[in-house]
Amino acid sequence: MNKILLLTICQLLFFVAFSQNTPESKYGWKLGVQTYTFKEFTFFEALDKIDSVGVKNIESYRNMVIGGGIEGKMDFNMSAETRNQIKKWLSDRNMKFTGYGVVNLKSEGAWRKLFEFGKEMGIETFTAEPEEKYLPLISELCDQYGINVAIHNHAYPSYYWYPQNILKAIEGLSKRIGACADIGHWVRSGLNPVACLQQLGNRVLWLHMKDISSYGEQGHSVVWGQGVIDFPAIVEQLKASGFTGQLSAEYEYKWEHNTVDVQRSVQYFRSLLN
């Protein structure tokens with residue numbers, strides 16, 4: 001066996017082992033990072049930061065500067081050349097572009113372009129806060145392209161801040177439309193995140209994972225397990241509801257020096273699953 005073939009096999013085995021043997025994978029979960037965590041850096045720089053914390057699944061937001069010698073932002077209207085370069089960066093790191101958002105588009109044409117982008121990039125789920133008038137169209141596009149849309153809850157007074165508002169909006173639509181549960185924003189709205197997950201049940205398709213220093217608007221991100229959110233109870237509720245989506249770390253504090261805190265959060269979360 002030549003050396004190049006042997007090296008290729010070793011790299012493949014490493015990737016398979018990494019992707020299948022994480023503590024969360026036994027529940028059908030993926031652990032990822034929302035690149036907004038590293039908004040002070042470029043997408044190119046964020047990839048190495050995310051890789052360093054032991055996570056391979058990327059959720060990017062639209063306005064992030066690409067970097068790495070490429071002009072522009074992570075907008076879904078990017079050129080084919082730029083898309084190919086981003087796919088190469090991800091492939092080089094054995095990473096997957098699993099999520100994109102939070103989006104709120106203002107025309108039917110824009111939503112269709114978004115799904116075309118998602119199909120090409122291998123995206124599994126868009127996180128979004130769409131106007132309700134677009135939901136029937138989005139439902140059709142979800143089924144047509146095989147891509148989920150998870151409705152995100154910003155804090156009150158955002159329309160989707162309360163779980164029942166999401167359930168009402170998606171009633172009768174594709175099962176590929178559900179909730180992106182931002183547990184930190186529920187805390188900022190004065191809601192109990194475990195109770196909110198219970199209300200949404202199996203319609204939770206995605207999570208934005210935070211721990212918050214205190215209830216209310218003044219709370220800020222802290223290392224998971226060190227704030228007011230009951231992470232063991234979150235884990236048990238996700239198990240009970242049969243959740244099988246991605247949990248994207250979104251650390252919104254100490255913006256230029258938060259990589260270690262994200263790493264500690266990932267390690268804590270995985271310790272709950274062993």
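Annotations for the structure displayed:
- The range 116-144, subset hydrophobic (A, V, I, L, M, F, W, C) and under 22 Å from E171 (Cβ atoms), residue surrounded by the most Cβ atoms within 10 Å (Cβ to Cβ): F126
- Residue that is nearest to K56 (Cα to Cα), among those in the range 67-92 that are within 20 Å of the chain's Cα centre (by Cα) and surrounded by 14 or more Cβ atoms within 10 Å (Cβ to Cβ): L90
- Qualifying positions in the range 40-52 - in contact (Cβ under 8 Å) with a residue 40 or more places away in the chain, in contact with a strand residue (DSSP E or B) (Cβ under 9 Å, 6 or more places away or on another chain) and either of a type outside the set (A, V, I, L, M, F, W, C) or surrounded by 20 or more Cβ atoms within 10 Å (Cβ to Cβ) (or both): F43, L47, K49, I50
- Residues satisfying the stated conditions in the range 81-107, i.e. basic (K, R) and over 18 Å from T37 (Cα atoms): R83, K87, K88, R93, K106
- Scanning the range 250-260 for residues that are touching a residue at least 40 places away in the same chain (Cβ under 8 Å) and assigned to a helix (DSSP H, G or I) yields one hit, T259.
- Where a residue in the range 120-137 is more than 17 Å from S248 (Cα to Cα) and aromatic (F, W, Y) and its partner, wherever it lies, is outside any strand (DSSP E or B) and modelled with pLDDT of 95 or more, with Cβ under 7 Å and at least six apart: Y134/W111
- Considering residues of the range 145-165 that are among the polar types (S, T, N, Q) and surrounded by 14 or more Cβ atoms within 10 Å (Cβ to Cβ) only, the residue farthest from T244 (Cα to Cα): S158
- Of the criteria (1) surrounded by fewer than 17 Cβ atoms within 10 Å (Cβ to Cβ); (2) touching a residue at least 40 places away in the same chain (Cβ under 8 Å); (3) over 18 Å from T125 (Cα atoms); (4) not aromatic (F, W, Y), which one T244 fails: (3)
- Between G109, G184, the distinction of being surrounded by fewer than 17 Cβ atoms within 10 Å (Cβ to Cβ) and out of contact with any helix residue (DSSP H, G or I) (no Cβ under 7 Å at 6 or more places or on another chain) belongs to G109 only.
Rundown of residues vs (1) in contact with a strand residue (DSSP E or B) (Cβ under 7 Å, 6 or more places away or on another chain); (2) among the aliphatic types (A, V, I, L, M); (3) surrounded by fewer than 16 Cβ atoms within 10 Å (Cβ to Cβ); (4) not in a loop (DSSP other than H, G, I, E, B), yes/no style:
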site	(1), (2), (3), (4)
N202	no, no, yes, yes
L205	yes, yes, no, yes
Y215	no, no, no, no
I229	yes, yes, no, no
I234	no, yes, no, yes
A240	no, yes, yes, yes
S248	yes, no, no, yes
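- The condition of being farther than 17 Å from G245 by Cα, more than 18 Å from the chain's Cα centre (by Cα) and surrounded by fewer than 18 Cβ atoms within 10 Å (Cβ to Cβ) holds for only one of N192, N104, that being N192.
- So I177, is it in contact with a His (Cβ under 9 Å, 6 or more places away or on another chain), crowded, with 20+ Cβ neighbours inside 10 Å and under 22 Å from G32 (Cβ atoms): no
- Pairs with Cβ under 9 Å, 6+ apart, first in the range 20-34 and assigned to a helix (DSSP H, G or I), second surrounded by fewer than 14 Cβ atoms within 10 Å (Cβ to Cβ): P23/S271; P23/N274; Y27/K239; Y27/T244
The values are calculated or read from the model by the stated rules, or taken from the named source; none is laboratory data. All values derive from a computational prediction rather than experimental measurement. Counting neighbours? That spans all protein chains shown, and the Cβs are built from the backbone with ideal geometry, glycine included.
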